[in-house]
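Here the structure comes first, spelled out in structure tokens, and everything after it is commentary.
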Amino acid sequence: MNNFLTFFQKIWNIKELRKKIIITISLLLTYRFGAYIPIPGINPLGISDFMEKFNSGSKGLMQILSSFTGGAFNRASILALGIMPYISSSIIIQLMCIIIPSLQRLQRDGENGRKKINFITRWLTVGICLVQAPVYLLSLTQQFIPFSSNEKTYLIDIDTFYGKSMFFSIGIIILTSGTLFTMWLGDKITDKGIGNGMSLIIMSGIIARFPDAIVKEIFSKLGIGNGGLIILFFEFLLWLLVILFTVIVIQAIRKIPVQYVSHYRSLELGSQLIQKKHQYIPLKMTSAGVMPIIFSQAIMLFPLTFSDYIKNIKIKNFLHLFQDIYGLWYNLTISILVIIFTFFYTAITIPVHQMADDLKRNGGHIPKVRPGKETAEYIDNILSKITLPGACLLSIIAIFPSIVFRIGITQNFALFYGGTSLLIVVGVILDISQQVNIHLLNYHYDGLMMMKNRNTRL
């Protein structure tokens with residue numbers, strides 16, 4: 001415990017790091033505050049009924065979408081769309097960079113090209129918001145919160161709100177602005193805070209649902225005939241083991257040894273000497289990270305958006321088979337998609353040919369492998385071999401919530417046993433801890449250098 005407190009004291013003593021942490025927490029609290037502000041025209045008293053219908057209507061699939069917004073989606077909040085339109089836009093642009101040659105050239109154009117792609121991504125985000133916002137409002141008013149009801153009025157009086165057209169117009173503008181505001185918060189956290197802003201916003205939304213899930217699980221197990229404290233203890237033990245397993249999967253790497261040859265002349269002997277430096281290329285077993293699961297769930301959520309507007313009963317019933325995240329068809333489909341997208345995303349993000357060219361240009365080579373084409377093939381072969389078990393392990397993590405739900409864990413808490421939620425939280429925490437350690441090392445290194453300079457002057 002003393003070591004734990006000492007570690008936080010060291011963090012707090014570094015002025016720059018302390019400032020970054022305060023800015024990050026302040027901006028995340030701003031986002032959390034916005035998640036509770038309802039869309040103008042929505043009666044906050046009717047939100048609780050909406051949440052009950054929401055949670056029971058989609059068999060968990062829409063809860064995954066809500067977890068990315070920290071519950072803003074099912075509160076009919078001004079930030080209901082959250083960061084998801086930006087994620088969808090990023091996925092589309094990444095796929096287009098493979099197909100469209102002009103975008104490929106921008107990708108290879110360094111910092112300038114990255115800024116242009118980012119600019120295109122943001123405008124595409126606005127376009128996606130203009131499509132998703134009216135669909136969300138239409139589903140909100142028709143399926144969950146009707147304009148009028150015999151039991152309760154869920155919206156402010158339509159006559160005082162200038163009618164439905166005004167409600168939809170203002171709602172679309174506010175939901176789009178909410179997504180742009182969320183993107184702005186994410187950029188500010190990345191620039192002036194600590195960690196990746198977009199990832200931190202998603203993580204804050206996921207963690208916001210955690211206390212409620214824990215409380216419901218405890219009350220559920222403490223009920224008569226539900227196992228009591230012993231079952232609860234084993235559930236939390238299993239949860240910790242799953243977290244440990246996830247950390248191992250994320251951190252696992254395959255080291256490829258590399259030798260760099262440097263030449264220098266000996267002044268005494270007048271001859272050229274050769275020195276070999278041994279290093280390695282770290283290839284992660286899950287180079288694609290959480291993206292394959294996000295891709296897969298985005299595809300699974302797409303039919304849900306339009307399923308209520310399909311009139312054909314057979315097609316509608318077929319789509320409903322994939323809306324139960326604890327059902328066989330959903331889990332089988334998402335497992336296959338995760339494996340496919342893991343290979344796909346690894347292929348487009350790990351440039352093996354560029355790595356081989358950089359090695360050759362810098363005088364490096366892999367022992368017993370010729371530079372150039374053979375090096376690229378060697379790296380690609382190893383990458384394929386380690387990606388297969390990585391993809392299988394990611395698919396297990398993706399479907400693990402449905403497995404623990406079947407053995408008696410409540411629906412809300414089961415979502416924290418795997419899937420995107422656990423991977424994002426673990427990945428972001430590891431990234432933040434790495435950045436904090438870098439700041440601590442730099443701080444101690446600067447202190448040592450100052451002491452060395454002072455001793456030298458003395």
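For the condition on the phi > 0 side of the Ramachandran plot and modelled with pLDDT under 80, what is the one hit in Y154, Y162?
On the way: Y154 fails: on the phi > 0 side of the Ramachandran plot.
When all the criteria are applied, what remains is Y162.
What are the pairs, 6+ residues apart or on separate chains, where a residue within segment 104-122 that is free of Cβ contacts under 8 Å to residues at least 12 places away in the same chain has its Cβ under 8 Å from a residue that is not in a helix (DSSP H, G or I)?
Pairs that qualify, where the first residue is free of Cβ contacts under 8 Å to residues at least 12 places away in the same chain and the partner is not in a helix (DSSP H, G or I), are K116/D109.
Taking segment 201-236 as the region of interest, how many residues are touching a residue at least 12 places away in the same chain (Cβ under 8 Å) and in a helix (DSSP H, G or I)?
Total satisfying the criteria: 20.
Somewhere in segment 388-411, is a residue assigned to a helix (DSSP H, G or I) and modelled with pLDDT under 80? Before the answer, list the steps.
Residues of segment 388-411 assigned to a helix (DSSP H, G or I): 388-406, 411.
Imposing the further condition that a residue be modelled with pLDDT under 80 reduces the set to 411.
Within segment 388-411, one or more residues are assigned to a helix (DSSP H, G or I) and modelled with pLDDT under 80.
With respect to T190, determine if the residue is in a helix (DSSP H, G or I) and buried (at least 18 other Cβ atoms within 10 Å of the Cβ).
Working: in a helix (DSSP H, G or I): yes; buried (at least 18 other Cβ atoms within 10 Å of the Cβ): no.
So T190 fails the test.
Could you identify the single residue in S199, S220, S204 that is crowded, with 16+ Cβ neighbours inside 10 Å and within 30 Å of I379 (Cα to Cα)?
Details: S220 fails: within 30 Å of I379 (Cα to Cα); S204 fails: within 30 Å of I379 (Cα to Cα).
None of the other options fit; the residue is S199.
What number of residues in segment 58-92 are part of a helix (DSSP H, G or I) and at pLDDT 85 or above?
3
Within segment 71-99, restricting attention to residues that are more than 13 Å from the chain's Cα centre (by Cα) and farther than 23 Å from G34 by Cα, which residue is surrounded by the fewest Cβ atoms within 10 Å (Cβ to Cβ)?
Checked segment 71-99; the qualifying residue surrounded by the fewest Cβ atoms within 10 Å (Cβ to Cβ) is I99.
With (1) in a helix (DSSP H, G or I); (2) modelled with pLDDT under 85; (3) among the hydrophobic types (A, V, I, L, M, F, W, C) as the list, and F245 as the residue in question, which single condition is left unmet?
(2)
Please name all residue pairs, on different chains or six or more residues apart, with Cβ atoms under 7 Å, provided the first residue is in segment 181-200 and is without any contact (Cβ under 8 Å) to a residue 24 or more places away in the chain and the second residue is part of a loop (DSSP other than H, G, I, E, B).
Once the first residue is without any contact (Cβ under 8 Å) to a residue 24 or more places away in the chain and sits in segment 181-200, its partners that are part of a loop (DSSP other than H, G, I, E, B) give T190/N196.
Could you tell me which of the residues G127, G113 is at pLDDT 85 or above and surrounded by fewer than 18 Cβ atoms within 10 Å (Cβ to Cβ)? Spell out how you get there, then give the answer.
Values: G113 fails: at pLDDT 85 or above.
Answer to the check: G127.
Could you tell me whether any residue of segment 24-46 is part of a helix (DSSP H, G or I), at pLDDT 80 or above and in contact with a Gly (Cβ under 6 Å, 6 or more places away or on another chain)?
So in segment 24-46, the residues part of a helix (DSSP H, G or I) come out as 24-34, 44-46.
Filter once more, so that each one left must be at pLDDT 80 or above: 24-34.
Subsequent filtering for residues that are in contact with a Gly (Cβ under 6 Å, 6 or more places away or on another chain) retains 24.
Yes; the residues of segment 24-46 include at least one that is part of a helix (DSSP H, G or I), at pLDDT 80 or above and in contact with a Gly (Cβ under 6 Å, 6 or more places away or on another chain).
Suppose we filter segment 99-109 for residues that are part of a helix (DSSP H, G or I) and modelled with pLDDT under 75; how many remain? Don't jump to the end; show me each part of the working.
Start the filter on segment 99-109 by keeping residues that are part of a helix (DSSP H, G or I), which leaves 99, 101-107.
Now narrow it down to the ones that are modelled with pLDDT under 75: 107.
Count: 1.
Rundown of residues vs (1) under 17 Å from P257 (Cα atoms); (2) modelled with pLDDT under 75; (3) surrounded by fewer than 20 Cβ atoms within 10 Å (Cβ to Cβ), yes/no style:
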| position | (1), (2), (3) |
| --- | --- |
| F302 | no, yes, yes |
| S307 | no, yes, yes |
| N312 | no, yes, yes |
| Y345 | no, no, no |
| A356 | yes, no, no |
| N381 | yes, no, yes |
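Starting from segment 15-37, take each residue that is without any contact (Cβ under 8 Å) to a residue 24 or more places away in the chain and more than 18 Å from F181 (Cβ to Cβ) and list its partners that are among the β-branched types (V, I, T) and outside any helix (DSSP H, G or I), counting only C-beta distances under 7 angstrom and pairs at least six apart or across chains.
Going by the 7 Å Cβ cut-off, there are no qualifying pairs.
In segment 345-387, what count of residues is obtained for those that are under 17 Å from P282 (Cβ atoms), of a type outside the set (G, A, S) and in a helix (DSSP H, G or I)?
Count: 17.
Anything in segment 160-177 that is in contact with a helix residue (DSSP H, G or I) (Cβ under 7 Å, 6 or more places away or on another chain) and under 21 Å from N74 (Cβ atoms)? List them, or say none.
F167, F168, G171, I172, L175, T176
Here are some conditions: (1) part of a helix (DSSP H, G or I); (2) within 27 Å of I403 (Cα to Cα). F322 meets all but one. Which one does it not meet?
Exception for F322: condition (1).
Please enumerate the residues belonging to segment 385-409 that are under 15 Å from F341 (Cβ atoms) and not hydrophobic (A, V, I, L, M, F, W, C).
Across segment 385-409, the qualifying residues are T387, G390, S395.
The values are calculated or read from the model by the stated rules, or taken from the named source; none is laboratory data. Here the structure is a predicted model, which means the values were calculated and not measured. Counting neighbours? That spans all protein chains shown, and the Cβs are built from the backbone with ideal geometry, glycine included.
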